[in-house]
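Only one structure is covered here, and it is reproduced in the block below.
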Amino acid sequence: MRTWLYVDGFNLYYGAVRATPLRWLNPVVLAQQAFPANQIIRTKYFTAALPPSPSDMMQAARQQVYWRALRALGDMEIIEGQFQVRQVWAPVAKPPPDMMRIIRHEEKGSDINLASHLLADGFADRYDAAIVISGDSDFVTPVRMVREIVGRPVGVLNPQRVSGPASRPIRNSSGLRQAASFYQNGVTWSQLARAQLPQFLSDSAGSIHRPAEWSPPS
């Protein structure tokens with residue numbers, strides 16, 4: 001079956017690999033491990049370019065290196081949303097009751113982009129089956145629409161990491177489980193470790209090296 005993969009980049013990052021040595025991740029291999037009966041022929045990765053961070057000046061640069069590595073795989077399209085920076089008033093946690101003005105960074109566009117591409121590609125008969133990597137319940141409706149209206153099976157891999165350091169209790173997304181044709185709730189540390197990109201890759205611009213900060217401990 002021609003299977004297209006749709007990756008919610010930030011949901012995957014924060015759910016599975018943040019603050020781990022597993023950030024040099026190949027999401028295609030991760031999805032193939034979960035659903036080996038599906039042959040993934042194209043991937044769309046939905047994310048946004050990180051804004052400058054005073055606490056980590058190289059954060060955005062590492063993201064761009066990772067994007068180059070993903071594109072070097074071939075049949076991988078990165079579709080960008082954007083970050084919005086705005087000032088909002090928020091209550092202070094401790095008494096006395098008061099308000100303070102804070103700066104909030106919000107990623108916009110990736111959810112609607114993923115849902116739109118999933119549906120549009122289905123209606124255009126570009127795939128026989130689709131897989132979505134996300135645990136976001138916002139995708140319940142588009143996943144169900146592809147199944148019921150487009151008539152294509154859709155699998156969901158909820159990328160919540162369920163083993164290894166600082167793992168959290170399993171949280172089941174019952175809505176996604178019910179909407180999907182096939183479903184895996186959570187990924188293990190060993191699955192993520194087996195889905196790492198090669199340390200070195202290359203593209204038309206030259207060599208691509210895994211960031212030193214993302215290297216596994218010796």
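The values are calculated or read from the model by the stated rules, or taken from the named source; none is laboratory data. Everything numeric here is computed off the predicted structure, so don't read it as measured data. Positions of Cβ are generated from backbone atoms using ideal geometry, with glycine treated the same way; all protein chains shown enter the neighbour counts. These area figures cover heavy atoms from the full protein model, side chains too; ligands, DNA and RNA do not enter into them. Shrake-Rupley method; radii C 1.70, N 1.55, O 1.52, S 1.80 Å.
Note down the nm distance, to one decimal, between modelled labels 7 Å out along Cα→Cβ at GLU213 and at LYS108.
My value for the distance between the label points is 2.7 nm.
Under the classification rounded if a/c is under 1.5, otherwise prolate if a/b is larger than b/c and oblate if not, where does the range 139-205 fall, given a ≥ b ≥ c as square roots of the Cα gyration tensor eigenvalues?
In terms of gyration-tensor shape, oblate.
Among residues other than THR188 whose Cβ falls under 14 Å from its Cβ, what is the net charge (Lys/Arg +1, Asp/Glu -1)?
+3
Between TRP189 and ASP56, how many nm apart are label points set 7 Å from Cα along the C-beta direction?
The two pseudo-label positions are separated by 2.0 nm.
Need one word for the chain: rounded, prolate or oblate. Basis is the Cα gyration tensor (sqrt eigenvalues a ≥ b ≥ c); a/c below 1.5 gives rounded, then a/b vs b/c decides.
In terms of gyration-tensor shape, oblate.
Can you compute the charge dipole magnitude of the chain about its Cα centre, using +1 on each Lys and Arg Cβ and -1 on each Asp and Glu Cβ, nothing else charged? Give it in debye, rounded to the nearest 20.
Computed charge dipole of the chain: roughly 400 debye.
Shape verdict for the range 1-59, please, from the Cα gyration tensor: rounded (a/c under 1.5), prolate (a/b greater than b/c) or oblate.
prolate
Build a GNM of the chain with springs between Cα atoms under 10 Å: which of PHE35, PHE139, PHE123 gets the top mean-square fluctuation?
PHE123
Roll a 1.4 angstrom probe over the protein heavy atoms and tell me the percent of accessible area of the range 118-202 that is carbon or sulfur.
50 percent
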